[in-house]
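Please treat every number below as a calculation from the coordinates, not as lab data. Model, not experiment: these values are computed from the prediction. Virtual Cβ from ideal backbone geometry, glycine too; neighbours counted across all protein chains shown.
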Amino acid sequence: NAGVTQTPKFQVLKTGQSMTLQCAQDMNHNSMYWYRQDPGMGLRLIYYSASEGTTDKGEVPNGYNVSRLNKREFSLRLESAAPSQTSVYFCASSAWGTGGGEQYFGPGTRLTVT
Amino acid sequence: KQEVTQIPAALSVPEGENLVLNCSFTDSAIYNLQWFRQDPGKGLTSLLLIQSSQREQTSGRLNASLDKSSGRSTLYIAASQPGDSATYLCAVMPSETSGSRLTFGEGTQLTVNP
């Protein structure tokens with residue numbers, strides 16, 4: 001099992017450009033999450049999907065959109081990138097309701113917006 | 001709003017020492033607590049998950065305890081090794097029924113010196 005995979009690993013964008021971060025899991029988990037990690041701020045939840053077909057805002061959703069494409073895939077879109085979105089983005093998944101809620105993380109995407 | 005604090009922010013110890021990392025949270029109504037390890041430039045690796053009904057969990061040289069009423073958890077590492085050097089994060093999950101969102105502390109950066 002690959003676990004949670006993310007693409008791309010690195011990305012540099014100019015202000016105003018758009019991009020989509022991809023995430024997939026092969027553990028048959030029902031819940032998936034997007035976090036960002038910034039120095040001095042820790043990890044903060046952007047959006048999550050408790051189950052296929054549902055999405056909800058987390059702590060810092062402004063400037064982002066998400067799509068739960070199917071049970072395996074959960075994408076994060078930046079429509080018009082801003083320097084404040086420079087961060088490391090992590091996707092995670094869990095078997096909420098059946099697996100005790102333990103979360104498994106992907107390797108991250110390091111995004112720089114200039 | 002749940003807040004999670006980890007003390008100390010950084011810790012440097014000689015190899016072989018037993019050590020304790022601390023995590024405190026402000027709202028005792030949690031579903032579970034999870035300890036993670038993060039190596040530089042990498043994603044998060046789950047170490048231990050403690051359900052709210054449990055007092056402790058053990059994995060190898062690691063032992064995590066939970067005292068919900070006082071809002072505290074500790075991660076005990078026995079016989080530390082240089083390979084244990086990493087940032088250790090704790091995260092709590094609220095006792096809500098959907099989403100299993102995590103609130104993270106900022107971590108303790110551990111250095112084990114040979």
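For the residues of A:106-112, the average number of beta carbons from a partner chain within 10 Å of their own beta carbon is 2. Considering only B:Pro82, B:Pro94, B:Pro40, the Gaussian network model of chain B with Cα springs below 10 Å gives its largest mean-square fluctuation to B:Pro40.
Would you look at the GNM of chain B, springs on alpha carbons closer than 10 Å, and say which of B:Ser65, B:Ser12, B:Ser46 moves the most? Among B:Ser65, B:Ser12, B:Ser46, the largest mean-square fluctuation in the Gaussian network model of chain B belongs to B:Ser12.
Rounded to the nearest whole Hz, the Karplus-based 3J(HN,Hα) values (6.51 cos²θ - 1.76 cosθ + 1.60, θ = phi - 60°) of region A:28-36 follow the sequence 6, 6, 8, 10, 9, 9, 10, 10, 10, with x at glycine and proline. For the segment B:38-49, counting C-beta atoms of other chains within 10 Å of every residue's C-beta and taking the mean gives 4.
The charge dipole of chain B, taken about its Cα centre with unit charges on the Cβ of Lys, Arg, Asp and Glu (plus for the first two, minus for the last two), comes to roughly 200 debye. If you count Lys pairs in the protein assembly as shown whose Cα atoms are under 23 Å apart, skipping same-chain pairs closer than 8 places in sequence, the total is 5. Computed from the C-beta positions of A:Asn28 and B:Glu3, the FRET efficiency with R₀ = 30 Å rounds to 0.35. The value of relative contact order for chain A, using C-alpha pairs under 8 Å at least six residues apart, is 35 percent.
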